[in-house]
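Just below is one structure, and these are the notes that go with it.
The values are calculated or read from the model by the stated rules, or taken from the named source; none is laboratory data. Given the structure is predicted, the values throughout are model-derived calculations rather than measurements. Please note: Cβ atoms are built from the backbone with ideal geometry, for glycine as well, and neighbour counts cover all protein chains shown. Quick note on the areas: whole protein, heavy atoms, side chains included, nothing else; ligands and nucleic acids left out. Shrake-Rupley method; radii C 1.70, N 1.55, O 1.52, S 1.80 Å.
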Amino acid sequence: MLEVREEARNRRKLLRERTVEENKVITETPLIVPDGFIVPQTAENLLSNVRCELLLKAIWQRTSRSPSQFKQLYQRPIERYAELVKKFPASESHHHANA
């Protein structure tokens, strides 16, 4: 039983490493974007401003979690959400305008 768990853990680790490697290739490749479109951004770029960093810090202080737990349970989902929301089209007359 222990061997099965260890094997599953190793498979998940390999999958994460492969995903990281694939993401590195994608982010290092220059993108040619047609006029009127925007370049997809990583969560790191989207959340790297002072305001977002202060908000993440405030959330972490209120969660009473270790840094590794916070990253897994809160920061990663927030990062994925930021990347997803940025892909949605915005309206010129809606509250997303000029965001």
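Counting only protein heavy atoms and using a 1.4 Å probe, what share of the accessible area of the range 27-80 belongs to carbon plus sulfur, as a whole percent?
Carbon plus sulfur share of accessible area: 55 percent.
How many nm separate the modelled label positions at I78 and V39, each set 7 Å beyond the Cα in the direction of the Cβ?
If labels sit at I78 and V39, their model points lie 2.5 nm apart.
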